[in-house]
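The structure appears right after this line, and notes come after that.
The values are calculated or read from the model by the stated rules, or taken from the named source; none is laboratory data. Predicted, not measured: the structure shown is a model, and the values here were computed from it. Using ideal geometry, Cβ is built from the backbone for each residue, glycine included, and neighbour counts are taken over all protein chains shown. Side chains included, ligands, DNA and RNA excluded: accessible areas come from the protein's heavy atoms. Shrake-Rupley method; radii C 1.70, N 1.55, O 1.52, S 1.80 Å.
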Amino acid sequence: MTTVVLADDQRVVREGLATLLGLLPQVEVLGTASDGEEAVSLAESLRPDVVLMDLRMPRCDGVEATRRLRERVPSTHVIVLTTYADDRSVIEALRAGARGFLTKDSGAEEIERAIAAVVRGEAAIDPAVQHHLVEAVAGSSELPDGLTPREAEVLTLIAQGLSNREIATRLFVSEATVKSHVNHLFTKTGARDRAQAVAYAYRHGLAD
């Protein structure tokens with residue numbers, strides 16, 4: 001029996017997935033979480049084999065939660081759930097330690113196969129996600145000064161005049177996560193303030 005924790009901020013999605021997984025004879029749902037912090041806490045106490053993790057959640061997003069799980073509960077495997085196959089956060093989740101990627105319209109058989117695969121130590125990537133993942137990996141090398149896709153995304157939003165709080169709302173992450181990205185991109189670009197960061201963004205084609 002494979003044990004699973006579900007993490008999604010939308011109650012209808014959580015309940016739907018729990019019902020779906022409840023029909024699978026080899027899967028036991030230990031609990032559900034409404035954000036990344038709750039998912040990490042549940043995984044620390046329940047030690048599930050797998051966490052099905054939504055990417056976009058409040059307080060602590062799926063990428064950060066995956067990173068924490070890898071550090072604190074390395075025996076638990078993460079399968080990321082994304083609404084959009086081309087979600088730019090997928091590549092960040094991969095770097096954070098996720099082993100599988102599924103779109104939210106995946107059926108019970110696809111989810112069951114993915115769970116079994118990651119428990120065996122294999123990767124499980126939905127073909128629709130795989131296509132965009134390959135593109136993202138190929139394209140990420142084109143970003144200047146080692147910027148990650150998410151840092152480039154934050155830089156673009158800074159250039160559009162958004163505050164950290166507004167960026168956090170746009171990207172469905174915490175303000176602290178945005179500040180971390182800003183600090184990293186400032187270091188990589190050599191910018192001392194937001195004005196210099198905006199100038200950098202325009203110079204490197206990261207702003208319209």
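Scanning the range 58-114 for residues that are among the hydroxyl-bearing types (Ser, Thr, Tyr) and under 22 Å from Glu175 (Cα atoms) yields Thr66, Thr82, Ser89. Looking at the range 147-169, which of the residues that are without any contact (Cβ under 8 Å) to a residue 24 or more places away in the chain and either under 22 Å from Leu94 (Cβ atoms) or among the hydrophobic types (A, V, I, L, M, F, W, C) (or both) is surrounded by the fewest Cβ atoms within 10 Å (Cβ to Cβ)? Looking at residues that are without any contact (Cβ under 8 Å) to a residue 24 or more places away in the chain and either under 22 Å from Leu94 (Cβ atoms) or among the hydrophobic types (A, V, I, L, M, F, W, C) (or both), I get Leu162. Residues of the range 30-40 that are under 15 Å from Asp54 (Cβ atoms) and open to solvent by 30 Å² or more (accessible area, probe 1.4 Å): Thr32, Ser34, Glu37, Glu38.
Taking into account only those residues within the range 81-110 that are hydrophobic (A, V, I, L, M, F, W, C) and in contact with an Asp or Glu (Cβ under 8 Å, 6 or more places away or on another chain), which is modelled with the lowest pLDDT?
Of the range 81-110, the ones hydrophobic (A, V, I, L, M, F, W, C) are 81, 85, 90-91, 93-94, 96, 98, 101-102, 108.
If we keep only those that are in contact with an Asp or Glu (Cβ under 8 Å, 6 or more places away or on another chain) as well, we get 81, 85, 96, 101-102.
Numbers: Leu81: 91, Ala85: 69, Ala96: 90, Phe101: 91, Leu102: 91.
So, considering only residues that are hydrophobic (A, V, I, L, M, F, W, C) and in contact with an Asp or Glu (Cβ under 8 Å, 6 or more places away or on another chain), the one modelled with the lowest pLDDT is Ala85.
Residues that are of a type outside the set (Ser, Thr, Tyr) and touching a strand residue (DSSP E or B) at 6+ places or on another chain (Cβ under 7 Å) within the range 58-74 comprise Gly62, Ala65, Leu69, listed in sequence order. Counting the residues of the range 22-56 that are over 20 Å from Tyr84 (Cβ atoms) and at pLDDT below 95 gives 5.
Residues considered: Arg59, Arg70, Arg11. Of these, the only one that is in contact (Cβ under 8 Å) with a residue 12 or more places away in the chain and either crowded, with 18+ Cβ neighbours inside 10 Å or under 21 Å from Ala123 (Cα atoms) (or both) is Arg70.
Looking at the range 106-130 only, could you name the residues that are over 17 Å from Val27 (Cα atoms) and within 17 Å of the chain's Cα centre (by Cα)? Ala123, Ile125, Asp126, Ala128, Val129, Gln130 - these are the residues of the range 106-130 that are over 17 Å from Val27 (Cα atoms) and within 17 Å of the chain's Cα centre (by Cα). What do you reckon, is Arg194 among the basic types (Lys, Arg) and modelled with pLDDT under 90? It is false that Arg194 is among the basic types (Lys, Arg) and modelled with pLDDT under 90. Scanning the range 87-101 for residues that are surrounded by fewer than 23 Cβ atoms within 10 Å (Cβ to Cβ) and either β-branched (Val, Ile, Thr) or under 19 Å from Ala18 (Cα atoms) (or both) gives a single hit, Ile91.
Could you list, in sequence order, the residues of the range 170-191 that are under 18 Å from Leu206 (Cβ atoms) and open to solvent by 70 Å² or more (accessible area, probe 1.4 Å)? Break it down stepwise before answering.
As a first pass, look at the range 170-191 and keep what is under 18 Å from Leu206 (Cβ atoms): 170-171, 178, 181-191.
Arg170, Asn183, His184, Thr187, Lys188, listed by residue number.
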